[in-house]
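Right, one structure below, let's go through it.
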Amino acid sequence: MKTIILLLAVLLAGMGLSMEAGLLGPLGKEIGHFSATLSIFLVGGLLLTLALIFSRPRLGQLFQQPRWLLTGGILGPVYVVVLTIATPFVGVGTTMIGILSGQVAASLVIDHFGLLGSERRGVDGYRLLALLLIIAALWLMQ
């Protein structure tokens, strides 16, 4: 049951990313790509600040972690800027399939080698076929 709920949450979050791409494209055209990116992070930062106020944050442990774990913060703005720039030109669907292709390819490498502290999960033919089908979808969408 917990797995089903988590998979539904992941599915809904993915739908939210498509909506975000759809919103960022026009916003970026109106106010500029970097301004649109900043607006997304400002709103998110405000929501996270509220969440921290009402939770028990463990920020004191943040800088006790290996520094490489903090580099993930670089990837979010890069992702949002790419969404903001690409979506008006290729559309939400193609942008999201492209993003998904990259995510699945990187995920398979991370899983297979157990990178970034994750558990090793071998890549089999089914997973490779899934990646190829997603890449085929990207080609067909374009």
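The values are calculated or read from the model by the stated rules, or taken from the named source; none is laboratory data. In this text, all values refer to a predicted model and were calculated from it rather than measured experimentally. Every residue, glycine among them, receives a Cβ derived from its backbone with ideal geometry; neighbour counts consider all protein chains shown. SASA here: full protein model, heavy atoms, side chains in, ligands and nucleic acids out. Shrake-Rupley method; radii C 1.70, N 1.55, O 1.52, S 1.80 Å.
For this structure, a couple of remarks:
- Contact order relative to length of the chain, as percent, for alpha carbon pairs under 8 angstrom and 6 or more apart: 24 percent
- Simple label model, 7 Å out from Cα along Cβ direction - Gln142 to Leu115, nm: 2.2 nm
- In the chain, helical runs assigned H by DSSP with n ≥ 4 each contribute -39500 (n - 2.57); averaged across all residues and rounded to the nearest 500, the mean residue ellipticity at 222 nm is -26500 deg cm²/dmol.
- On the beta carbon distance between Val43 and Ser107, with R0 = 22 Å, the FRET formula returns roughly 0.20.
- Cα-projected label distance for Glu30 with Ser55, points at 7 Å along beta-carbon direction, nm: 3.0 nm
- Remark: the chain carries 74 Å² of accessible area per residue (probe radius 1.4 Å; ligands, DNA and RNA excluded).
- Rounded percent of accessible protein surface that carbon and sulfur make up, the stretch 5-51, 1.4 Å probe: 84 percent
- Among the chymotrypsin sites (Phe, Trp or Tyr not before Pro) within the stretch 48-81, those in coil by DSSP and having at most 15 neighbouring Cβ atoms inside 10 Å are Phe54.
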